[in-house]
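The values are calculated or read from the model by the stated rules, or taken from the named source; none is laboratory data. From a predicted model like this one, the values you see are computed outputs, not experimental measurements. We place every Cβ from the backbone using ideal geometry, glycine too, and count neighbours over all the protein chains shown.
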């Protein structure tokens, strides 16, 4: 069982990263938010879950134990596989998941692609008493996942690379505490404008 990795990040693309540990490159699946935290050439420590199937061995990596534990709990829910569990974590933080379970807010899980009403209710039932929020969930996280995602799409449509757009939106949200899609878009464009102009002088 590979439970953690410490090594140099060789590559990061979308929801995949390659981490070099002692000369061996491990390909791991990560959430988009986690991918933004990883930097090529920098050292990273990740907690991992190895999924072994007849025709495949996959490593899923997480920035902390809370995310890994929630991932493992989600996989135990009927109808939730590794990819669906990662989709939930890409949409909701462990604290928000715990809050949704505590308040029986199954609609929060129905917003995740691939999670239907029945599965959402099963998640609530299965995780009750097993997950607890460390802090009171803030309104920033939903804005980051919802409005922030819309801003990324808008920026990509305007010509910026997706990775640049995602990193910029994360920076804006971290500095401003979030806001509406229009507010975040204006802030992101204000930050990206000079870069775009300096790179398009031809």
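Checking residue 60 against (1) modelled with pLDDT of 95 or more; (2) closer than 15 Å to residue 123 by Cα: exactly one of these is not met. Which one?
Among (1) modelled with pLDDT of 95 or more; (2) closer than 15 Å to residue 123 by Cα, the lone unmet condition for residue 60 is (2).
Within the stretch 8-15, identify whether any single residue is within 25 Å of residue 132 (Cα to Cα), touching a helix residue (DSSP H, G or I) at 6+ places or on another chain (Cβ under 8 Å) and outside the structural domain of residue 111 (by TED's automatic domain parsing), and answer yes or no.
No, the stretch 8-15 has no match at all.
Given the condition part of a loop (DSSP other than H, G, I, E, B) and within 25 Å of residue 149 (Cα to Cα), answer yes or no: does some residue in the stretch 55-65 qualify?
Checked the stretch 55-65: at least one residue is part of a loop (DSSP other than H, G, I, E, B) and within 25 Å of residue 149 (Cα to Cα).
Do you know which of the residues in the stretch 67-106 that are touching a residue at least 40 places away in the same chain (Cβ under 8 Å) and outside any helix (DSSP H, G or I) is surrounded by the fewest Cβ atoms within 10 Å (Cβ to Cβ)?
Going through the qualifying residues, I end up with 78.
Can you list residue pairs whose Cβ atoms sit under 6 Å apart, with the first residue in the stretch 111-134 being in contact (Cβ under 8 Å) with a residue 24 or more places away in the chain and the second being exposed (fewer than 14 other Cβ atoms within 10 Å of the Cβ) and in a loop (DSSP other than H, G, I, E, B)? Count only pairs 6 or more apart in sequence or on different chains.
Pairs found: 119/79; 122/78; 124/104.
Being surrounded by fewer than 15 Cβ atoms within 10 Å (Cβ to Cβ), within 24 Å of residue 132 (Cα to Cα) and either assigned by TED's automatic domain parsing to the domain that holds residue 148 or touching a strand residue (DSSP E or B) at 6+ places or on another chain (Cβ under 9 Å) (or both), is that true of even one residue in the stretch 59-66?
The answer is yes, given that some residue of the stretch 59-66 is surrounded by fewer than 15 Cβ atoms within 10 Å (Cβ to Cβ), within 24 Å of residue 132 (Cα to Cα) and either assigned by TED's automatic domain parsing to the domain that holds residue 148 or touching a strand residue (DSSP E or B) at 6+ places or on another chain (Cβ under 9 Å) (or both).
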